Amino acid sequence: MKRFSIQQIRHKWILVISLAVFFVTYLIDLMSPREKPVTLFIVGAIVATLIAAVWAIVNYVTHLQVNPFYHDDTGKKQPIFQPKTHQYLFFWGSIAVLIGVILFILIFLNQNLALPWVVDLSVTLVCYGAGFYLSFFLYMLLDNLLSKK
């Protein structure tokens, strides 16, 4: 169960800043009149995405420092990235997407739940859950590129 531990997520504070920027700017957008320009949300989403990208890079580099390339008994170079090592990305991504989709379904079934913060929470969970999935595949790609050098 250790590989699903939230402790595997390094530098959580960067991710929390990204989540907060996205959540707050999307909530402001939802609660603002529809006639207004969506510039704040677009800028907020871009900033949140860039911060999340920084987190993904820093998280990967931290795991590189913890799990550098090593040679096994045959002298063969082993990869840094082992899919089992980063299953937490799939696990927590799945949890976030599942909760976000359940909230969407509940909102669809009961319009009284269509409060801006509930809609915002569901969108945020689905987006960041999908981001965790993408990080998993990005880590695999980076590992393949690095192991060929």
task = Compute the distance in nm between two label points, each set 7 Å from the Cα along the Cα-to-Cβ direction, one at ALA114 and one at LEU98.
result = 2.8 nm
request  = Could you sort 133-145, 50-62, 109-121 so that the peptide with the highest average Cβ count within 10 Å comes first and the rest follow in order?
outcome  = 50-62, 133-145, 109-121
³J(HN,Hα), Karplus 6.51/-1.76/1.60, whole Hz, each residue of region 124-137, x for Gly, Pro = 4, 4, 5, 5, 6, x, 4, x, 5, 4, 4, 4, 4, 5
inquiry  = Using the basic label-point model (7 angstrom from Cα toward the beta carbon), what is the VAL54 to LEU30 distance in nanometres?
reply    = 2.6 nm
note = So GLN87 and ASN144, fully extended at 0.36 nm per residue minus their Cα-Cα distance, gain in nm 18.8 nm
message = Between ILE42 and LEU106, what is the label-point separation in nm under the 7 Å Cα-to-beta-carbon projection?
response = 3.3 nm
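Any read-out appearing in this document is the output of simple, stated calculations on the displayed coordinates, not a laboratory observation. Being a predicted model, the structure only gives us computed values, none of them experimental. Every residue, glycine as well, gets a Cβ built from its backbone with ideal geometry; the counts of neighbours run over all protein chains shown.
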